1. Where the second residue is open to solvent by 100 Å² or more (accessible area, probe 1.4 Å) and the first is among the basic types (Lys, Arg) and lies in segment 55-78, which pairs have Cβ atoms under 6 Å and are six or more apart or on separate chains?
2. Out of VAL156, VAL95, which single residue is part of a loop (DSSP other than H, G, I, E, B) and at pLDDT 85 or above?
3. Take segment 136-166 and flag every residue that is touching a residue at least 40 places away in the same chain (Cβ under 8 Å) and open to solvent by less than 80 Å² (accessible area, probe 1.4 Å).
4. Quick check on my filter: what residues within segment 99-122 are open to solvent by 70 Å² or more (accessible area, probe 1.4 Å), in a strand (DSSP E or B) and farther than 27 Å from LEU146 by Cβ?
Amino acid sequence: MALHLYELTDQFKQLLEMMENPDIDPEAIADTMEGVQGELEGKVDGTICVIKSLEASAKAIKEEEARLSARRKAMENNATGLKRYLEQQMKTLEVEKIQTMRFTASLQNNPSSVVVADEEAFNAYDPDKRQEWWSKPEPKLSLSVLKEYIQHGVTVPGVEIRQEKGLRIR
């Protein structure tokens, strides 16, 4: 009957206890040790085989994840390119909406965005970067704050709000 590794460990503990007992025959200890040692080596070998198999499977899965990730990215890029193409064609043809049996493609207004069209004029307007649309401590332009100011009537040279259209597929 084959023993489990933990049972062999228990047998080794018992063997150590036998070795500490001066009344037990050294030859009996040697015979017991040989039997347990052989079984232990077999169990350790089998356990290591399972470990190596699991490591190989994990490596194969990791490689497959990388391959699938690259494939997913390629598909996402292709879909993005086709969306841009469709959007451009609809804009060129000045078609706002196309309905098929399964889908509707339409050009809708994107949220308006702030564009610094003339950087020189903008920098001349606020050379010390003191306006609230600059973040602190290192001045960095906050377009959302600048957009709010412009929407509330503040004129900022070189800056404009643009409203563009984007493709929506439903």
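1. Pairs that qualify, where the first residue is among the basic types (Lys, Arg) and the partner is open to solvent by 100 Å² or more (accessible area, probe 1.4 Å): there are none.
2. After ruling out the rest, the residue left standing is VAL95.
3. Matches in segment 136-166: GLY158, VAL159, GLU160, ILE161, LYS165, GLY166.
4. Of everything in segment 99-122, just one residue is open to solvent by 70 Å² or more (accessible area, probe 1.4 Å), in a strand (DSSP E or B) and farther than 27 Å from LEU146 by Cβ, namely GLN99.
The values are calculated or read from the model by the stated rules, or taken from the named source; none is laboratory data. Note that the coordinates shown come from a computational prediction; the quantities given were computed from them, not determined experimentally. Positions of Cβ are generated from backbone atoms using ideal geometry, with glycine treated the same way; all protein chains shown enter the neighbour counts. Calculation scope for accessible area: heavy atoms of the full protein, side chains included, ligands and nucleic acids excluded. Shrake-Rupley method; radii C 1.70, N 1.55, O 1.52, S 1.80 Å.
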